[in-house]
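Structure in structure tokens, see below.
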Amino acid sequence: MKILHVYKDFYPPVKGGIENHINILAKGLKAEGVDVHVLVSNTSSRFKTEIKNGISVTKAPQLGRFYSAPLAPSFHHYLKRYGKTADIIHFHHPNPTAECSYLLSRLKKKLIVTYHSDIIRQDKLGKLYSPFRKRFLSSCHRIIATSPNYIQTSKILNGFKDKCIVIPLGVNIQRFNTNGNQQKVKRIKDSYRKQPIILFVGRFRYYKGLHILISAMKNIPAKLLLIGAGPEQARLSALVRENNLEEKVLFLGELSDNELNDYYKACDVFVLPSHLRSEAFGLVQLEAMCCGKPVVSTELGTGTSYVNINNKTGIIVPPNDAFALSNAINSLLVDPRKRDDFGACGIKRVRRFFTDEQMIRQTLNVYRDLVETT
């Protein structure tokens, strides 16, 4: 079986939830004997093909990006070249460039799209793109949503419920099964004078709500460690300085998986403060839960509240509410038993519903069903 995955970027080197998901899925499918190829846009005007973690990745040239959409006039050419021999083309939405390129290519293939998120910030662009998206989704045979919550609350998916199936994102729990480097974990705790540690991991993007978390830190007696990078970093750094929080809020940059594991294990509370629906799932919540950590997240009507269950694996608060966020975090910091109980429940939930093995098996079943029945 030949599968072509199509998106904007691939991890490595681009870090992000969707990029990481495609990497995990592609490697897992390859291990099951599937011929997997990935087509994305390059970060330059050059064409490039390379092998990443055993996966063949083609990068179509681009001129730049407009509202995060690649400006890649020749993308349809590469989609046609690699798509014509594929049994199934698996798109990852949102990606207007690739989806319009498919319509332009006039390929007639078996299509699956994983619908990661609505187009939120680029509202005007979304309205312009709307008829093309409708035509593209109408041509898809299956639409994979990452949570039932998103199907229920997305106005777009509401029009295609008959095509939708739920396959949650998954993580490799083996990565977190070891105790890790206990000396490194201890050093992390000691380096912050054994103060409570609050952790955020992810790209510094407009929808992550980090400005709200930074504001909440005024009333939280702890250290906030921010792991990642992104376009909002300069603005967030300025906000930290303006509020005299340099001693409480620390930017650690991007870390390797092994380093990141140690920080997950060293923290007391993990926080995902996103305030917009662009946060459709929150894969990092699963990583923190794998390490037995309670999660504080926000109610967005998306998969974040499908992953984190209020008063079971963590606490869910309203978005855009620094006061509620600080109260939730503080309530966990003063109650070690509750942290332990939520953490233990989180580990069980990940193992039951969110392993990469389950995600890969369910996706492979969709492929086989589509090949055999259409």
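I need the full set of residues from region 100-118 which are buried (at least 18 other Cβ atoms within 10 Å of the Cβ) and either under 24 Å from G282 (Cα atoms) or without any contact (Cβ under 8 Å) to a residue 24 or more places away in the chain (or both), in order please.
The answer is I112, V113, T114, Y115, H116, S117, D118.
Let me ask you something else. Which of the residues belonging to region 205-228 are over 14 Å from L239 (Cβ atoms) and either among the polar types (S, T, N, Q) or free of Cβ contacts under 8 Å to residues at least 60 places away in the same chain (or both)?
N219, K223, L225, I227
Residue-by-condition table, conditions (1) in contact (Cβ under 8 Å) with a residue 40 or more places away in the chain; (2) out of contact with any Ser or Thr (no Cβ under 8 Å at 6 or more places or on another chain); (3) under 24 Å from P336 (Cα atoms); (4) buried (at least 18 other Cβ atoms within 10 Å of the Cβ):
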| position | (1), (2), (3), (4) |
| --- | --- |
| A238 | no, yes, no, no |
| N244 | no, yes, no, no |
| V249 | no, yes, yes, yes |
| L252 | no, yes, no, no |
| D262 | yes, yes, yes, yes |
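If a residue must be modelled with pLDDT of 75 or more and either touching a strand residue (DSSP E or B) at 6+ places or on another chain (Cβ under 8 Å) or in the same structural domain as T302 (by TED's automatic domain parsing) (or both), how many such residues does region 115-129 contain?
Number satisfying all stated conditions: 3.
So, R187, is that one closer than 28 Å to G303 by Cβ, among the basic types (K, R), surrounded by 12 or more Cβ atoms within 10 Å (Cβ to Cβ) and not assigned by TED's automatic domain parsing to the domain that holds R135 or not?
no
Residue-by-condition table, conditions (1) touching a residue at least 40 places away in the same chain (Cβ under 8 Å); (2) in the same structural domain as V201 (by TED's automatic domain parsing); (3) in a helix (DSSP H, G or I):
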{"residue": "I18", "(1), (2), (3)": "yes, no, yes"}
{"residue": "K30", "(1), (2), (3)": "no, no, yes"}
{"residue": "G33", "(1), (2), (3)": "no, no, no"}
{"residue": "V38", "(1), (2), (3)": "no, no, no"}
{"residue": "R46", "(1), (2), (3)": "no, no, no"}
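Yes or no, residue by residue, for (1) touching a helix residue (DSSP H, G or I) at 6+ places or on another chain (Cβ under 9 Å); (2) more than 30 Å from C291 (Cα to Cα):
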position	(1), (2)
L104	yes, yes
L107	yes, yes
L111	yes, yes
I151	yes, no
V171	yes, no
N177	yes, no
Q183	no, no
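What do you reckon, is P168 under 16 Å from the mean Cα position of the chain (by Cα) and closer than 21 Å to R351 by Cβ?
Yes; evaluated as a whole, the condition is true for this residue.
Can we say F353 is under 18 Å from N177 (Cα atoms) and surrounded by fewer than 19 Cβ atoms within 10 Å (Cβ to Cβ)? Can you show your working first?
Values: under 18 Å from N177 (Cα atoms): yes; surrounded by fewer than 19 Cβ atoms within 10 Å (Cβ to Cβ): yes.
Yes; evaluated as a whole, the condition is true for this residue.
The values are calculated or read from the model by the stated rules, or taken from the named source; none is laboratory data. No experiment lies behind these values; they were computed from the predicted model shown. Please note: Cβ atoms are built from the backbone with ideal geometry, for glycine as well, and neighbour counts cover all protein chains shown.
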